[in-house]
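Nothing in this text is a laboratory measurement; each read-out follows from the coordinates by a stated rule. The structure displayed is predicted, hence computed values, not measured ones.
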């Protein structure tokens, strides 16, 4: 009898922690569920493999390069060496702004949120580029990294200053999507049980700081190019 009383009822049991595969799917279908317990279960390895495979596979689909075993290995290695530093830098930036705003976000959680947000960003890029390639005339070349219909660069005219053109290009729906996912991840970690109230506000401040840094970096890069 005592054991029955001590046992929690099904309604009182905590929701199961999402596994790596479920989190990878949910980051597209249900981001709130994807980042549940991100502080307790910060998976990232599967998402990194999926991100690398998606980038490498999209190159095959769009550019159809000649394939050989050596080129295949070199291509995968190049993707890993390209993606890994970007992931580390972005995760470090997310972790730093979260610490600045006193949001609860461990390094492993920041890495997990970053990798999953980048996977969703890359998948959105590939889908938009695929749709654009299907609906636009064959004479129009679709840039896989910067597909049409995603930013405001098309409103820039010939006389638009370079800084303004870059800012319009930076106003990208894919970037906004990635920042929303980053907010959901930081908010989930900052609102976990036992964490002081105000986690969502601190998460919003951290992501807003990230947006400001993104805009400043865009302007700075443009000015540095002259």
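The table that follows gives values for the structure above.
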read-out: Degrees, to the nearest 10: 199-225 long Cα axis against longest axis of the chain; value: 20 degrees
read-out: Helix axis angle, 69-100 relative to the chain longest principal axis, alpha carbon, degrees; value: 60 degrees
read-out: The chain, relative contact order in percent, only Cα pairs under 8 angstrom and at least six apart counted; value: 23 percent
read-out: Principal-axis tilt of helix 20-29 within the chain, Cα atoms, nearest 10 degrees; value: 60 degrees
read-out: Region 144-226 - convex hull of the alpha-carbon atoms, volume per residue in Å³; value: 103 Å³
read-out: Centroid-to-centroid separation of region 17-51 and region 66-118 [C-alpha atoms, Å]; value: 15 Å
read-out: Rg ratio (alpha-carbon, reference 2.2 N^0.38 Å) - region 91-206; value: 1.32
read-out: Label corresponding to Rg and Dmax of the Cα atoms in Å when calculated from the structure given, among (1) 32.6, 111; (2) 22.2, 76; (3) 20.6, 81; value: (3)
